[in-house]
Amino acid sequence: MLDFQTAPAEKKAPSAVRVVIRAERCKGCGICIKFCPEKILVLGDELNAYAYPTVKMTDEQACTHCLRCSLVCPDVVFAFLREEDAPCWKH
Ligand code: SF4
Ligand code: SF4
């Protein structure tokens with residue numbers, strides 16, 4: 001029987017998190033920009049296929065992964081993925 005008191009905990013390195021901004025979904029409303037506590041979201045100059053300016057992150061290292069942008073965005077633009085899952089992410 002496994003002794004949970006003395007069995008060594010399996011050590012696993014924490015996964016790096018990649019923030020994916022799906023610009024094709026963004027309509028440039030700016031809500032996420034207002035809610036980001038780190039002030040690292042801005043509207044870029046490029047337009048998406050629907051002619052909306054799209055949000056960009058100015059400093060990915062400063063992102064605390066607080067998820068506020070993701071919670072307030074009405075268009076589900078932000079995804080927070082483990083580094084190993086990011087390559088197989090489907091839009
Ligand atoms: S997760 Fe938080 S800190 Fe990072 S961009 Fe979104 S609101 Fe800003
Ligand atoms: S809240 Fe969503 S749709 Fe609005 S600017 Fe931010 S990412 Fe784009």
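Every read-out reported here was derived from the displayed coordinates using simple, explicitly stated rules and does not represent laboratory data. Treat the numbers as computed from the prediction; the structure is a model and nothing was measured. Note: ideal-geometry Cβ built from the backbone for every residue, glycine included; neighbour counts use all protein chains shown.
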For Lys27, the aspartates and glutamates lying under 19 Å Cα to Cα, once residues fewer than eight places off in the same chain are dropped, come out as Asp45, Glu46, Asp75
Computed label-point distance, nm, for sites Ala62 and Asp75 using a 7 Å Cα→Cβ extension | 2.3
Under the Karplus relation with 6.51, -1.76 and 1.60 and θ = phi - 60°, whole-Hz ³J(HN,Hα) for region 36-51, x at Gly and Pro, equal 5, x, 8, 6, 10, 10, 9, 8, x, 7, 6, 9, 8, 4, 9, 6
Treat every Asp and Glu Cβ in region 17-83 as -1 and every Lys and Arg Cβ as +1, leave all other atoms uncharged, and give the resulting dipole magnitude about the Cα centre to the nearest 20 debye.
-> 220
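Can you sort Cys69, Cys36, Cys63 from fewest to most other Cβ atoms within 10 Å of each residue's own Cβ? Walk me through the numbers on the way to the answer.
Working: Cys69 26, Cys36 20, Cys63 17.
Ascending Cβ contact count within 10 Å gives the list Cys63, Cys36, Cys69.
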Let me see the pair-distance distribution of region 15-80: every alpha carbon pair, 10 Å bin width, integer percents in order.
-> 23, 58, 18, 1
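Please give the net charge around Glu38, taking every other residue with its beta carbon less than 15 angstrom from that of Glu38, where Lys and Arg add +1 and Asp and Glu add -1. Show your work: numbers first, answer last.
Details: positive: Lys34, Lys39, Lys56, Arg68; negative: Asp59, Glu60.
Here the charged neighbours net out to +2.
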Separation in nanometres of the label points that stand 7 Å from Cα toward Cβ, at Lys27 and Asp45 | 2.6
